[in-house]
Amino acid sequence: MRITDRLKVEHGVFLQQLRVLRSLVELDAPTPILAAVVETIAVAEEQHSQIEERALYPELAKVLGPGSSDLAMVAAEHGALRQRVAKIRGGDSDVADVAAFADTLHDHLEHEIHTLFALADEWLTEDQLVSMCNWNVEHVYDAAGQRAVWMQRWL
């Protein structure tokens, strides 16, 4: 499996979770419930972003150039998501903040799918894409409680 395949699958899961979150917003769910759903999505998305930032994007920067506007835009989007999540985690948020998080994440996921992942598939070799997605090894590290060691591989 290529890293872009894995990331696209994860994006599909996040997009489904965002549909559920938007449904809860439309149903006027209480803010603490909305915040709990955002936290569930955010924790998984943060690990997902670490893989992108430590494995895929540095390899793309080598071929696109470190000043690539596409990479800069994605970095800015990751920063905006972190800010939205921090506000919700801080407890000083409302339904509009939750909706803004959902919109920001949705747009970001679509941008990555249609721009960065397409560029990766075009410019990186099959061997590079596969080597970044050694799923079995990653799960061994996770099962051993050594996720940080796995992530160190990509620093």
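The values are calculated or read from the model by the stated rules, or taken from the named source; none is laboratory data. Predicted model only: the values in this text are computed from it and were never measured. Backbone-built Cβ (ideal geometry, glycine too); neighbour counts: all protein chains shown. These area figures cover heavy atoms from the full protein model, side chains too; ligands, DNA and RNA do not enter into them. Shrake-Rupley method; radii C 1.70, N 1.55, O 1.52, S 1.80 Å.
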V95-Q152 pseudo-label distance in nm [points 7 Å out on the Cα-to-Cβ vector]: 4.8
Heavy-atom SASA rank of E112, E46, E122 (probe 1.4 Å, accessible area, largest first): E122, E46, E112
Helix 31-51 axis, angle to the chain major axis (alpha carbon atoms, nearest 10°): 10
Counted charge near A29, where neighbours are those whose Cβ lies closer than 13 Å (Asp, Glu -1; Lys, Arg +1): -2
Three principal axis lengths of the chain [C-alpha, angstrom, descending]: 48, 38, 23
Cα coordinate range in the stretch 22-72, projected on the principal axes (Å, largest first): 46, 19, 12
V13-A76 pseudo-label distance in nm [points 7 Å out on the Cα-to-Cβ vector]: 3.0
Cβ-derived FRET efficiency at R0 22 Å, S23 paired with R54, nearest 0.05: 0.10
H114 accessible area, assembled protein chains, probe 1.4 Å, Å²: 130
Gain upon complete extension [Q83, T40; 0.36 nm per residue less C-alpha separation]: 13.9 nm
K87 accessible area, 1.4 Å probe, all protein chains in place, Å² to nearest 10: 100
Accessible surface of the stretch 1-106, 1.4 Å probe, proportion on carbon and sulfur as whole %: 58
Accessible area in the full protein assembly, largest first, 1.4 Å probe, for S69, S131, S49: S69, S131, S49
Neighbour net charge for V95 - beta-carbon separation under 14 angstrom, K R +1, D E -1: -3
Heavy-atom accessible area per residue - the stretch 2-123, 1.4 Å, Å²: 49
